[in-house]
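The values are calculated or read from the model by the stated rules, or taken from the named source; none is laboratory data. Keep in mind it's a predicted model, so treat the numbers as computed, not measured. Cβ coordinates were reconstructed from backbone atoms using ideal geometry, including for glycine residues, and neighbour counts include every protein chain displayed.
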Amino acid sequence: MRQNSVRKEGARQRAPHASDHGWDDGPHQDGAPPGEPSADTATPPAARPPGHRRRRRGSGGTARPPRRKRRVLRWSATILSVLILGTAGAGYLYYQHLNGNLETDDLNLGEHRAPEPTPNAAGQTPLNILLIGSDARDSKENQKLGGAKDTFGSPPLADVQMLLHLSADRSNMSVISMPRDTLLQIPKCTDPDDGKVYPQTGPRTMTNQSLGRGGPGCTVATWEKLTNIHIDHFMMVDFAGVVSMADAIGGVPVCVDKNIHSRDNQGHGSGLKLEKGTTEVKGEQALQWLRTRYGFEGGTDISRAKAQHMYMNALVRKLRENTGLTSPNQLRKLAEEATNALKVDDGLGTIKKLYDLGNELKKVSPSRTTMTTMPFEYVGARVIPKPGDAEQLFRLVRDDIPLDGKGRKKPAKEKLSDDPAADDAQIGIQVQNGTRTATEPPASGRANTVAQLLTGKGFTKATPDTTTVLTEDRTVIRYPSAELEGDAQRVAKSLGLPLSSVKKSTDVSGVTLVVGADWREGEKPPKAPKKDDRTPESADALSGSDKKACMKVDPDFTW
């Protein structure tokens, strides 16, 4: 079974503010100062009360030999050394012990999945992993680390959310953090343990509430609904897990441009106290770094996300270089703490699967790793995805385009379907209004207008759906199965739409034209702008090889 706190009923009735919960650096009940916007982002991964865990067991893997001389133990080889522990019998028993530490949960609790990516010419596909940091106060240790006695045992929030994208050819890796108080629509989710159904929310619900609606699988479903990116796995950790793993790994170097003490006279702050320059943080101090908002310039959750990115980059570099991890005892401790701290989906539910994943991730050098934050704009003290820029970032990940701008290939020519289209008069088309945006209401009557336009072109079975209003940046034609692809392409051609606007989707039962926000008026859809594959500046990209990155300190929090 999963943790009680994930699906515990009796959640607070109001929508919590970004600084009300979790990875915030202040007390659990803190709010942002009046008039100060607060938006947040993501890093670590799960909460778990004792005695509530589902376990999976598996079989061991193999390790590759070291590539460089004078490497005492390489990350790829040492895991196997830990598992063997001197004899095959002891190694097998210890391997089973580590498997038993792992807690698993369902991957997606929604009704629909984003389409799986198309393999590249070599038959390879990308890998997408959602990293979740839970703010659960379900144990004395988590409560001590997170504060807020009045919220002990309440449903946890997914206050840290990061999507890790590993390219199909394993040459590059991208990470997108989402501010925790992003307003969006959480889809219908069903708790797999008790069958409780959480209905779809309105379009202005904070994303961090998804975790309390059945578990991490609802957070995955929320990401897929927003981004249309197919997520393969998730990994989740809580406060105590971050501290224990940071202790096992040892110090990770971080930098501040002034002395910092994250604490004000009202008690706000993580308590982080560092001298100017680079310091190796571990244990509770590492958690303080990851939670600090008060003290970094700007005092927002966006600044905190940047600090989290710096920590992760330094951590990856350390693990690749094996700095400080040179003894079997250290590695055994790390294996123990990691398997106890993590909650994962069934697809990662054994040591071998995690080991294989580690081998895939380590193929990417820090110089080809890019950390970003989802482009956003403020709505009061909350944020929403920034129109245009957010979808641009999501599209680059969907299309497996590197965010560092390297190695981009020319787009492939549009391929016509092998299945010929039916006669225009025989093609059934449902037309939906998708012209609503975050800032504009839907354009009135667009489904009727475009359905009549199609009828005039000979598509006599075109009918408007006047009961559904969607949000779609650009006009799209969806079809459910291969035998209708030709029909959908025929509709696109008749309207002058590119074939790239034709998408396969299990969300529709027939050819469905969704009139997007790009076609709010007129009888012809606008021509698609020239494809821009650059990472938006608003994504605030940071390279994994940037060793000079240093957090700017708010002068009010220096000493």
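So for the range 218-240 (the condition being small (Gly, Ala, Ser) and either closer than 16 Å to residue 281 by Cα or assigned to a loop (DSSP other than H, G, I, E, B) (or both)), does at least one residue qualify?
Step one: of the range 218-240, the residues small (Gly, Ala, Ser) are 221, 240.
In the following step, the residues that additionally are either closer than 16 Å to residue 281 by Cα or assigned to a loop (DSSP other than H, G, I, E, B) (or both) were identified as 240.
Yes, there is a match, as at least one residue in the range 218-240 is small (Gly, Ala, Ser) and either closer than 16 Å to residue 281 by Cα or assigned to a loop (DSSP other than H, G, I, E, B) (or both).
If you check 406, 415 for being over 26 Å from residue 493 (Cβ atoms), among the charged types (D, E, K, R) and either in contact with a strand residue (DSSP E or B) (Cβ under 6 Å, 6 or more places away or on another chain) or surrounded by fewer than 17 Cβ atoms within 10 Å (Cβ to Cβ) (or both), only one passes: 406. Residues that are at pLDDT 50 or above and charged (D, E, K, R) were ranked within the range 64-122; the one that is nearest to residue 330 (Cα to Cα) is 103.
Please indicate, with yes or no, whether at least one residue in the range 300-310 is in a helix (DSSP H, G or I), closer than 26 Å to residue 96 by Cα and in contact with a Leu (Cβ under 7 Å, 6 or more places away or on another chain). Please lay out each step first, then the result.
Quick first cut of the range 300-310, residues in a helix (DSSP H, G or I) only: 301-310.
Filter once more, keeping what is closer than 26 Å to residue 96 by Cα: none.
Within the range 300-310, not a single residue is in a helix (DSSP H, G or I), closer than 26 Å to residue 96 by Cα and in contact with a Leu (Cβ under 7 Å, 6 or more places away or on another chain).
Residues in the range 345-368 include at least one that is closer than 30 Å to residue 508 by Cα and buried (at least 21 other Cβ atoms within 10 Å of the Cβ).
Scanning the range 237-251 turns up no residue that is assigned by TED's automatic domain parsing to the domain that holds residue 354, among the β-branched types (Val, Ile, Thr) and closer than 18 Å to residue 390 by Cα.
Taking the range 522-559 only, how many residues are in a loop (DSSP other than H, G, I, E, B) and over 30 Å from residue 417 (Cα atoms)?
Residues of the range 522-559 that are in a loop (DSSP other than H, G, I, E, B), as a first pass: 522-536, 540-541, 544-550, 552, 554, 558-559.
From what's left, over 30 Å from residue 417 (Cα atoms): 535-536, 540-541, 544-550, 552, 554, 558-559.
Residues flagged as in a loop (DSSP other than H, G, I, E, B) and over 30 Å from residue 417 (Cα atoms) within the range 522-559 amount to 15.
Could you pull out the residue among 271, 267 that is modelled with pLDDT of 85 or more and in a loop (DSSP other than H, G, I, E, B)? Steps first, answer last, please.
Numbers: 267 fails: modelled with pLDDT of 85 or more.
Result of the check over 271, 267: 271.
I need the full set of residues from the range 148-172 which are at pLDDT below 70 and surrounded by 19 or more Cβ atoms within 10 Å (Cβ to Cβ), in order please. Residues satisfying the conditions are 148, 151. Per the listing 227, 278, the residue uniquely hydroxyl-bearing (Ser, Thr, Tyr) and out of contact with any strand residue (DSSP E or B) (no Cβ under 7 Å at 6 or more places or on another chain) is 227.
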